[in-house]
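As structure tokens, the structure follows; a few thoughts come after it.
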Amino acid sequence: MSTPGEYYRSLPPVSKTYGVACLMTTAAFYLDLYNPESIALFYDNVFKRFQIWRLITNFFFLGPFSFPFAFRLIIIAKYGVSLERGPFDQRTADFVWMFFFGALSLLVSDAVPALWSPFMGVSLVFMIVYIWGREFPNARISIYGLVSLKGFYLPWAMLALDLIFGNPLKPDILGIVAGHIYYFLTVLHPLAGGKYVFKTPRFVYILFLFGIIGGSPAATTGEQQQGNAAEGVAFRGRSYRLDSDTHTNAST
């Protein structure tokens, strides 16, 4: 059995970094090191007072210490790590771009007054759940040991749980929309015969080259990136498609 330190060191870089950042943000809140309003997304402050950090910091606050907060961290540690080690194995730069794209999509939706939320971290986490469910549709999921279902239905089951527990549904729905847009552009459209044009931008690779993002980008060579585009497949590795009968075991 591995120790907590060994488990932490074994985690892939992107999921580990995001999970730790969310944990530290909430811990700092309880230590009265900042006011949550100072990191929340208010577009008036972004554009009129040039508080650009709000575009980023709002994604790191998952709420106060509570069962929902712990559950969201577990999602990052379980399903984020599963994606990073599976379909995105040796493709860290592409996994980072998935986070960037999800964040950008949510920032655009947040500009609509009816969809605005001061913190979009919950939506970003839910996007991870949706993409995992599409990439592992036949994985067996156990919800609290009471209900067993396929991975494809996991985001909808979690949406139902939030409805039962009285949690807001808007962040979940926005995460589903952002995840579906990403999955459509990177998988469904190319598989339907469309041209794959959703390449990871060069600036993401530059972040690796200058050491701003840790880990190995792996798919940073032009040959492999062009190969992905030519094949029209964004997700590669130990993943299962909708028409696959293979399944893995997982629990929530």
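The values are calculated or read from the model by the stated rules, or taken from the named source; none is laboratory data. Note that this is a predicted model, so its numbers are computed, not measured. All Cβ positions, even for glycine, are placed from backbone atoms using ideal geometry, and neighbour counts span all protein chains on display. Each accessible area value is taken on the protein alone, full model and side chains, heavy atoms only, with ligands, DNA and RNA left out. Shrake-Rupley method; radii C 1.70, N 1.55, O 1.52, S 1.80 Å.
Tally the residues that are at pLDDT below 80 and either basic (Lys, Arg) or exposed (fewer than 13 other Cβ atoms within 10 Å of the Cβ) (or both), restricting the search to segment 196-213.
Number satisfying all stated conditions: 5.
Look at segment 52-66 and say how many of its residues are open to solvent by less than 30 Å² (accessible area, probe 1.4 Å) and closer than 14 Å to Val125 by Cα. Give the steps one after another, and end with the answer.
Kept after step one, since they are open to solvent by less than 30 Å² (accessible area, probe 1.4 Å), are these residues of segment 52-66: 54, 58-59, 61-63.
Okay, now just the ones that are also closer than 14 Å to Val125 by Cα, so 58-59, 61-63.
Count: 5.
Take segment 124-171 and flag every residue that is small (Gly, Ala, Ser), surrounded by fewer than 16 Cβ atoms within 10 Å (Cβ to Cβ) and touching a residue at least 24 places away in the same chain (Cβ under 8 Å).
Ser142, Gly145, listed by residue number.
Regarding Gly86, is this residue touching a Lys or Arg at 6+ places or on another chain (Cβ under 6 Å) and open to solvent by less than 60 Å² (accessible area, probe 1.4 Å)?
Working: touching a Lys or Arg at 6+ places or on another chain (Cβ under 6 Å): yes; open to solvent by less than 60 Å² (accessible area, probe 1.4 Å): yes.
Judged against the criteria, Gly86 is a match.
When you scan segment 51-147 for helices (runs of 4 or more DSSP H) that lie fully inside it, which ones turn up with 1 or more residues that are under 10 Å from the mean Cα position of the chain (by Cα) and small (Gly, Ala, Ser)? Give the steps one after another, and end with the answer.
Details: elements: 54-57, 67-75, 81-85, 92-110, 121-135.
Counting at least 1 such residues, we get 92-110, 121-135.
For segment 89-118, which positions are open to solvent by less than 40 Å² (accessible area, probe 1.4 Å) and among the hydrophobic types (A, V, I, L, M, F, W, C)?
Once the filter is applied, which keeps residues that are open to solvent by less than 40 Å² (accessible area, probe 1.4 Å) and among the hydrophobic types (A, V, I, L, M, F, W, C), segment 89-118 yields Ala93, Phe95, Val96, Trp97, Met98, Phe99, Phe101, Ala103, Leu106, Leu107.
Run down Phe198, Phe208, Phe184, Phe203 and say which single residue is closer than 29 Å to Pro13 by Cα and in contact with a Gly (Cβ under 8 Å, 6 or more places away or on another chain). Give the derivation first.
On the way: Phe198 fails: in contact with a Gly (Cβ under 8 Å, 6 or more places away or on another chain); Phe184 fails: in contact with a Gly (Cβ under 8 Å, 6 or more places away or on another chain); Phe203 fails: in contact with a Gly (Cβ under 8 Å, 6 or more places away or on another chain).
Matching residue, one of Phe198, Phe208, Phe184, Phe203: Phe208.
Could you tell me whether Ser2 is open to solvent by 50 Å² or more (accessible area, probe 1.4 Å), within 23 Å of the chain's Cα centre (by Cα), over 17 Å from Phe119 (Cβ atoms) and small (Gly, Ala, Ser)?
Numbers: open to solvent by 50 Å² or more (accessible area, probe 1.4 Å): yes; within 23 Å of the chain's Cα centre (by Cα): no; over 17 Å from Phe119 (Cβ atoms): yes; small (Gly, Ala, Ser): yes.
Spelling it out, it is not the case that Ser2 is open to solvent by 50 Å² or more (accessible area, probe 1.4 Å), within 23 Å of the chain's Cα centre (by Cα), over 17 Å from Phe119 (Cβ atoms) and small (Gly, Ala, Ser).
Among all residue pairs at least 6 apart or on different chains, which show Cβ distances below 9 Å where the first residue, located in segment 20-48, is open to solvent by 30 Å² or more (accessible area, probe 1.4 Å) and the second is small (Gly, Ala, Ser)?
Leu33/Ala27; Tyr34/Ala28; Tyr43/Ala111
Does segment 9-19 hold any residues that are open to solvent by 50 Å² or more (accessible area, probe 1.4 Å) and under 20 Å from Leu62 (Cα atoms), and which are they?
Start the filter on segment 9-19 by keeping residues that are open to solvent by 50 Å² or more (accessible area, probe 1.4 Å), which leaves 9-10, 17.
Thr17 - this is the single residue of segment 9-19 that is open to solvent by 50 Å² or more (accessible area, probe 1.4 Å) and under 20 Å from Leu62 (Cα atoms).
Being at pLDDT below 90 and either polar (S, T, N, Q) or under 17 Å from Leu83 (Cα atoms) (or both): is that true of Ile176 here?
In short, no.
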